[in-house]
Amino acid sequence: MSNSKAPQKNSYRFAFRSSIYITIVLISILFLLDYFDFVTIAYPVLAVLFAISFIVCFSIIQYRVKRFIYRRIARIYEDVSLIESSSFEDQEIATDMRTLKEQVERFAQNKRTEIETLKVRENYRKEFLGNISHELKTPLFTVQGYIDTLIDGAHKDKAIRKKYLLRAQKGVDRLTYIVKDMDMITRLEAGDMSLDKEDFDIVELVEQVFDQFEMKAAKNNISLVFDMKYDNKIMVHADKERILQVVANLVVNSIKYGKENGTTEVAIEDLINNKVIVRVTDNGEGIKKDFIPRLFERFFRVDRTGSRKEGGSGLGLSIVKHIIEAHKERVYVDSELGIGSEFSFTLEKVAFKVEDIEVVEG
């Protein structure tokens, strides 16, 4: 759509001032001619001439502004709209220079902001592509190396064949983790993954995660505990499978970076507005303050070497953030280097109902 058809915002300031100046000059000349007796003009006539001069000058100047300046400004609007259709589209075309200047300055500021944003995105894209390339390259080369060795003759030795196939399998598993997690994050970001919300006991879910990773924690003598004994159920409304993944990722993360003979503690606390907050705390190595803002980025690692030895896709915390945000909830992190870390997230608590009360007869 051409902006030459856009509504015009008329300004009369320029024509009005110019007409006043011209009229004053003309009347002043006539007054001087009358003063030196070159002509004789009565004052009422001067007043009439002043009015006529002003009206004629104003009409001509305003007409020229609309015909000459407006056409050129309209072309500027049209040309600018070719650059960015949303910037000047459907705006009133101002013939007032001050208004036009303000519009152009806003346009320039928006463009500067967009350029800065694009630079940040470009840097992020380069870093992301480099990270994913590195993450995929490592297991691919591992699998390729073991398979090539087997093809070259190592398959004849039964013990070596089994060992190499098991190591190649670990590389394939790592590739599978990365691809599945990347697919999940992509769907979460695009809003294509629907949440199957239900009411469930968050305490029972945490216990299930503890049972799942009990042996993994035992290797480093890390205890998986609650902050207190929860005798009653704490019912929440969320996608149980996704929240299970969130808790599992946070617990596994705390085990990876926890210190030997340490603890991973889970606390579940009430918040206002029918919310609960789940806290996963460890007394591990902690995280530098500079790293905290980037913790939920894809493939970002505080200790790349250590975390890679533990396996996984490197997308755990990013998945946590996307799942919690898909629930319209918040995720938090608090950490101090050398002391430990705490990751927490909120969930909707199931409203308490009177009919849920069990009446116990004494």
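The values are calculated or read from the model by the stated rules, or taken from the named source; none is laboratory data. What you see is a predicted model, and the numbers here were worked out from it, not measured in a lab. With ideal geometry, Cβ positions are generated from the backbone for all residues, glycine too; neighbour counts draw on all protein chains shown.
Do we have Val278 as within 18 Å of Glu214 (Cβ to Cβ), at pLDDT 80 or above and among the hydrophobic types (A, V, I, L, M, F, W, C) here? When the stated conditions are applied, Val278 does not pass them. Here Ser254 passes the criteria (1) surrounded by fewer than 19 Cβ atoms within 10 Å (Cβ to Cβ); (2) modelled with pLDDT under 90; (3) in the same structural domain as Val350 (by TED's automatic domain parsing) except the one numbered (1). For the subset of segment 203-220 comprising residues that are closer than 16 Å to Gln245 by Cβ and crowded, with 17+ Cβ neighbours inside 10 Å, which member is modelled with the lowest pLDDT? Here the residue is Phe213.
Being surrounded by 12 or more Cβ atoms within 10 Å (Cβ to Cβ), basic (Lys, Arg) and farther than 30 Å from Glu329 by Cα holds for only one residue in Lys163, Lys156, and it is Lys163. Restricting attention to segment 233-283, the residues that are without any contact (Cβ under 8 Å) to a residue 12 or more places away in the chain and either aromatic (Phe, Trp, Tyr) or on the phi < 0 side of the Ramachandran plot (or both) add up to 2. Checking Val236, Val252 one by one, the residue that is more than 24 Å from Glu348 (Cβ to Cβ) and outside any loop (DSSP other than H, G, I, E, B) is Val252 and no other.
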